[in-house]
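Reading through the structure tokens given below for one structure.
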């Protein structure tokens, strides 16, 4: 019994230490230092470079790696970001 509890605590801690590779809109906005409302405005206008990843009608995520790449390249528009990525391939 004690061993099972210890194992569960170890597994739970391991999950917490894992850096996410995908984040929801709320976390993506926080990563960019803007409000969620501003995030959605920019997303709708094509100013957010990385494409959203849709897993279902209410499950939208963004790649952390793509968000970092986009920010490192000046947070350009989606069109510019996609063109930039296409040139590098």
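Values quoted throughout were computed directly from the atomic coordinates according to the rules given, and no laboratory measurement underlies them. Because the structure is predicted, anything quoted here is derived from the model rather than measured. We place every Cβ from the backbone using ideal geometry, glycine too, and count neighbours over all the protein chains shown.
Name the residue that is surrounded by the most Cβ atoms within 10 Å (Cβ to Cβ), counting only residues in the stretch 20-31 that are assigned to a helix (DSSP H, G or I) and in contact with a helix residue (DSSP H, G or I) (Cβ under 7 Å, 6 or more places away or on another chain). If you could, list the steps in order and put the result at the bottom.
Of the stretch 20-31, the ones assigned to a helix (DSSP H, G or I) are 25-31.
The next check asks that each one be in contact with a helix residue (DSSP H, G or I) (Cβ under 7 Å, 6 or more places away or on another chain); those that pass are 25-26, 28-29, 31.
Numbers: 25: 16, 26: 11, 28: 24, 29: 21, 31: 15.
Restricting to residues being assigned to a helix (DSSP H, G or I) and in contact with a helix residue (DSSP H, G or I) (Cβ under 7 Å, 6 or more places away or on another chain), the top hit is 28.
Which ones in the stretch 53-70 are out of contact with any helix residue (DSSP H, G or I) (no Cβ under 7 Å at 6 or more places or on another chain) and surrounded by 13 or more Cβ atoms within 10 Å (Cβ to Cβ)? Talk me through it step by step, then tell me what you get.
From the stretch 53-70, those out of contact with any helix residue (DSSP H, G or I) (no Cβ under 7 Å at 6 or more places or on another chain) are 53-59, 61, 63-66, 68-69; that's our starting set.
Across the stretch 53-70, the qualifying residues are 61, 63, 64, 66, 69.
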